[in-house]
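Please read the structure below before turning to the comments.
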Amino acid sequence: MVNYKDLGLVNTREMFKKAVAGGYAIPAFNFNTMEQMQAIVQAAVETKSPVIMQVSKGARNYANATILRYMAEGAVAYAKELGCEKPEIVLHLDHGDSFELCKDCIDMGFSSVMYDGSSLPYEENIKISRQVVEYAHKYDVTVECELGVLAGVEDEVASEVSHYTKPEEVIDFATRTGCDSLAISIGTD
């Protein structure tokens, strides 16, 4: 078990709180190579911005879970080398499609995970989302869940039909799962 705090990473809890209070957005960038990571860190330091470095399931398979852990630790060290005394860098799993994948990422030092059960029936999505949240919160890892889905394939999560997020389900879903943030489906126009 690798704790993300030992890598110098942060989770999204305080980061999001500050962003809401300050009225600004936090950039999130998917990466799977060293060059991409370097550019993300350089831009975050230059703009004095917190940043979420995201890894999809496919990118994780491509780059290797162990190497990604060291890349994240290196990102923090690199930000300090560039003059940022206290980097705010999150390592986030984007669109994790199973409890097992989310758990493995948490165990490898990710500070935030997204469980995407949006293509599942509502109650099953709640059940697995809650399972991910319970495990993650034991290690102070934040969890984003997804409710509603667009037709097509997004990071290996596939759906033939769009199911936009129903506003009346948002409070029920968030309350029952305990997720820290929620990705919703409102369309692509």
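The values are calculated or read from the model by the stated rules, or taken from the named source; none is laboratory data. The model shown is predicted, which means the values in this text are computed figures rather than measured ones. Cβ: placed from backbone, ideal geometry, glycine included. Neighbour counts: every protein chain shown. The area values use the complete protein model at the heavy-atom level, side chains included, leaving out ligands, DNA and RNA. Shrake-Rupley method; radii C 1.70, N 1.55, O 1.52, S 1.80 Å.
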Seminar exercise, completed: All alpha-carbon distances of the stretch 5-114, grouped into 5 Å bins from 0, give the whole-percent distribution 2, 13, 25, 26, 19, 10, 4, 1
Problem set entry | Antiparallel content of DSSP bridges confined to the chain, in %, to 5 | 15 percent
Exercise. Highest GNM mean-square fluctuation, the chain, Cα pairs closer than 10 Å: which of THR175, THR47, THR165?
Worked result: THR47
Seminar exercise, completed: Measuring from its Cα centre, the chain shows a charge dipole (+1 at each Lys and Arg Cβ, -1 at each Asp and Glu Cβ) which, in debye to the nearest 20, is 620 debye
Problem set entry | Residues of the stretch 50-101: accessible area per residue with a 1.4 Å probe, Å² | 44 Å²
Exercise. If you look for lysine pairs in the chain that are eight or more places apart or on different chains, how many of them have Cα atoms under 14 Å apart?
Worked result: 7
For this session: Return the carbon/sulfur percentage of the accessible area of the stretch 1-66, one whole number, probe 1.4 Å, all protein chains in place.
Result: 54 percent
Exercise. What does the accessible area of MET34 come to, in Å² to the nearest 10, when a probe of 1.4 Å is used?
Worked result: 100 Å²
